[in-house]
Amino acid sequence: MAGRRTARPLDAGRLHGGTRLRLCRLRNGRTRLDPGGLTLIAFWRFCCRLALAGRRKPARLWPVATTASPLGGLEVKSVLAALGILAALFCANLPARAETACPAETSVVAVPTKGGPAYGGLQYARTAALRHKEVALTFDDGPNPETTPAILDILDRHCVKATFFMVGIYAQKHPELVREVAARGHTIGTHTWSHPNNLRHFSPASAERQIRQGFTAVETALATAPAKDRDRLAPFFRFPGLNDSKPLIGWLGERNIATLSCEFGADDWKSIGAAQVRARALRNIASLGRGILILHDTKPRTAAMLSSLIVALRADGYSLVQLVPEEGARELAAASRDALIGPVRRAETAPEKPAATLGAVFEPSLEPATSLQ
């Protein structure tokens, strides 16, 4: 790969009498020898290059000299070895390569929420304003302490921001993970209180209560977070199993909460391997060329394939973008009658306790009712 530097050993022959020096030469770099051996400047530069080349993977420093010399090779060895150690220590503390740093801003797509529009070509006529070869990653059903942290680390490593649709009972159980997702700069939506797979089977009052308590649980978890992190909670909602209903979409719309579905999934909720999840995701994305992808941050198979999925998408020219609410959407939702989401509160203000504790209607399976092949 052009510009990539790798190290390989080089025997420099007999120098300084009987001393045999063993050096490293950097491919795409230059290390020179003078008639008396390796020059001080060249050796210093060589050690710096070696240390910098090993920032991603620890470099192996070969001995500068391997045999003593009657002409003072041992002294040369000692001096050069000491200089090499100093150079390596100095260069190891230099700033990491710029190419490993994330850009100052992530590409975002603003999603209007006024009136509660529904997005996602799998179910609705409207979709988010994604360009060709733009994909938005979304994760449902968390937070889960077994898998969510690993997924967050992978997203960080690849400089990707996503949207997490959280289940209320897990947000209440793991508030520190809710705050961590927000602190890492991701968007947060909600996914009901206990993830019943079909809200259509609930009475209107029970279904509305499921949705409301999901928002309350996430807001409560974020109440002690910095203001910028509390604002990560967006007026976004996703129906469990994507089993929506027109009355509930209308009820959300009155509160300026957008419904987000998707264009495609990857079946990571099924009992299949990580390689199959990755293959299905790539196939489904390629079939449309852009859209919202549903994954689950509760699944080890998702964490196992996520890094390679991101690499494969970018290699094929895709950009991974973050869905964010349109400017002022949070305030608009908070100002709605019987609002589901409150204004951003000050850190010192104690969160209000819910009027009543809502128990899970049943132990949620956390599996969508429909396949998204």
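The values are calculated or read from the model by the stated rules, or taken from the named source; none is laboratory data. This one's a predicted model, so the numbers in the text were calculated from it and none came from an experiment. Note: ideal-geometry Cβ built from the backbone for every residue, glycine included; neighbour counts use all protein chains shown.
Observations, loosely collected:
- Within segment 216-247, considering residues that are buried (at least 19 other Cβ atoms within 10 Å of the Cβ) and of a type in the set (Lys, Arg), the one farthest from residue 191 (Cα to Cα): 230
- Looking only at residues of segment 104-126 that are among the hydrophobic types (A, V, I, L, M, F, W, C) and in a loop (DSSP other than H, G, I, E, B), we find that the one that is surrounded by the most Cβ atoms within 10 Å (Cβ to Cβ) is 122.
- Some residue of segment 188-211 being touching a Gly at 6+ places or on another chain (Cβ under 6 Å), part of a helix (DSSP H, G or I), within 28 Å of residue 146 (Cβ to Cβ) and touching a residue at least 12 places away in the same chain (Cβ under 8 Å): no
- Near pairs, Cβ below 8 angstrom, 6+ apart or cross-chain, from segment 223-250 (closer than 15 Å to residue 210 by Cα) to any residue that is buried (at least 22 other Cβ atoms within 10 Å of the Cβ) and acidic (Asp, Glu): 238/140
- Scanning segment 161-180 for residues that are outside any helix (DSSP H, G or I) and surrounded by 24 or more Cβ atoms within 10 Å (Cβ to Cβ) yields 162, 163, 164, 165, 166, 167.
- Residues of segment 138-154 classified as in contact with a His (Cβ under 9 Å, 6 or more places away or on another chain) and either over 20 Å from residue 262 (Cα atoms) or assigned to a loop (DSSP other than H, G, I, E, B) (or both), total: 8
- A count restricted to segment 127-150 and to residues that are surrounded by fewer than 15 Cβ atoms within 10 Å (Cβ to Cβ) and free of Cβ contacts under 8 Å to residues at least 60 places away in the same chain stands at 2.
- Some residue of segment 203-210 being closer than 24 Å to residue 185 by Cβ, among the hydrophobic types (A, V, I, L, M, F, W, C) and either in contact with a strand residue (DSSP E or B) (Cβ under 9 Å, 6 or more places away or on another chain) or modelled with pLDDT of 95 or more (or both): no
- Checked against the criteria, residue 280 does not count as at pLDDT 95 or above, more than 24 Å from residue 152 (Cβ to Cβ) and charged (D, E, K, R).
- Every pair of residues 6+ apart whose Cβ atoms lie under 7 Å, when the first sits in segment 311-332 and is over 19 Å from residue 157 (Cβ atoms) and free of Cβ contacts under 8 Å to residues at least 24 places away in the same chain while the second is of a type in the set (D, E, K, R) and part of a loop (DSSP other than H, G, I, E, B): none
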